[in-house]
Amino acid sequence: MKYRDLDHRKTAFIFELDEVLYPEKDYLYQVYYLFTSFLEYTEFINAKEATDLMINTYLSEGKDAVFDCLKKKFNIDEKYRFNFDHLKKTAKLPLKLLLHQNMLSLLQEIVIDRKEIFIVTNGNPEQQLNKVKQTEWNGLEPYLTCYFADEITPKPETDCIDLLIKDHNLQRRNVLMIGNSETDEICAEACGIDYLELSEF
């Protein structure tokens, strides 16, 4: 599916950030690298081995299991959990985050067609803003409006979308949410707006 295949009556498009506009692992893997480099300096562990463990744990058990697995394997003091959580929110990445190519093309076509783009993202607002700031937007920054749902109520609750629609005087029939999760699908349905699964792109 391409932009030209979408309903031309849509005037506003809503996206999640993680796993929709870019792959979240591109952020987390850089955080893991920075964290293990810090531990190598303070605790004299092997940074490469620790990074590999964190990545493998992320892939096999999910991101919430990463620190506990590292702690157990390398006997890391619990006090470092604070450092890790802080780094996830504030990390200065070595490399910019890159959008999925199909999403970059879609955003550019929406802008050319003079329609509105919104990012409505779940998760810690400080962390999500940090990701937004370190993404390579290819000049799209002036056309993006971001809402951090956790400042109101996380999706699938509709509060943030309802506020967005009110703020920008939108008609629900003219809004399309593009997502990659059951959370976004449920939210869109509850809001009375159309939903499109990312896999269709």
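The values are calculated or read from the model by the stated rules, or taken from the named source; none is laboratory data. Because the structure is predicted, anything quoted here is derived from the model rather than measured. Every residue, glycine among them, receives a Cβ derived from its backbone with ideal geometry; neighbour counts consider all protein chains shown.
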message: Can you tell me which of (1) closer than 28 Å to residue 198 by Cβ; (2) within 20 Å of the chain's Cα centre (by Cα); (3) outside any loop (DSSP other than H, G, I, E, B) is the one residue 86 doesn't meet?
response: (1)
- request: Determine whether residue 104 is within 24 Å of residue 180 (Cα to Cα), free of Cβ contacts under 8 Å to residues at least 40 places away in the same chain and either surrounded by 14 or more Cβ atoms within 10 Å (Cβ to Cβ) or in contact with a Leu (Cβ under 9 Å, 6 or more places away or on another chain) (or both).
  value: yes
- line: Only unsatisfied item for residue 81, checking (1) under 23 Å from residue 11 (Cβ atoms); (2) in the same structural domain as residue 37 (by TED's automatic domain parsing), is (1)
- prompt: Is one or more of the residues making up segment 128-148 crowded, with 20+ Cβ neighbours inside 10 Å, of a type in the set (D, E, K, R) and closer than 30 Å to residue 36 by Cβ?
  reply: yes
message: Pairs needed: first member in segment 108-122, assigned by TED's automatic domain parsing to the domain that holds residue 140; second member anywhere, among the basic types (Lys, Arg) and crowded, with 16+ Cβ neighbours inside 10 Å; C-beta distance under 8 Å; at least 6 residues apart or different chains.
response: 115/10; 120/155; 122/155
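Checking the conditions here, which among 53, 28, 59 is of a type in the set (A, V, I, L, M, F, W, C), surrounded by fewer than 17 Cβ atoms within 10 Å (Cβ to Cβ) and either at pLDDT 95 or above or not in a loop (DSSP other than H, G, I, E, B) (or both)? Walk me through it before giving the result.
Values: 53 fails: surrounded by fewer than 17 Cβ atoms within 10 Å (Cβ to Cβ); 28 fails: surrounded by fewer than 17 Cβ atoms within 10 Å (Cβ to Cβ).
From the options 53, 28, 59, the qualifying one is 59.
In this structure, is residue 118 aromatic (Phe, Trp, Tyr) and in a helix (DSSP H, G or I)? Step through it out loud before you land on a result.
Details: aromatic (Phe, Trp, Tyr): yes; in a helix (DSSP H, G or I): no.
Against the criterion (aromatic (Phe, Trp, Tyr) and in a helix (DSSP H, G or I)), residue 118 does not qualify.
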task: Hey, can you tell me all the residues within segment 5-25 that are outside any loop (DSSP other than H, G, I, E, B) and touching a helix residue (DSSP H, G or I) at 6+ places or on another chain (Cβ under 8 Å)?
output: 12, 13, 14, 15, 18, 22, 25
query: Can you tell me which residues in segment 62-82 are buried (at least 16 other Cβ atoms within 10 Å of the Cβ) and either in contact (Cβ under 8 Å) with a residue 40 or more places away in the chain or in a loop (DSSP other than H, G, I, E, B) (or both)?
result: 76, 80
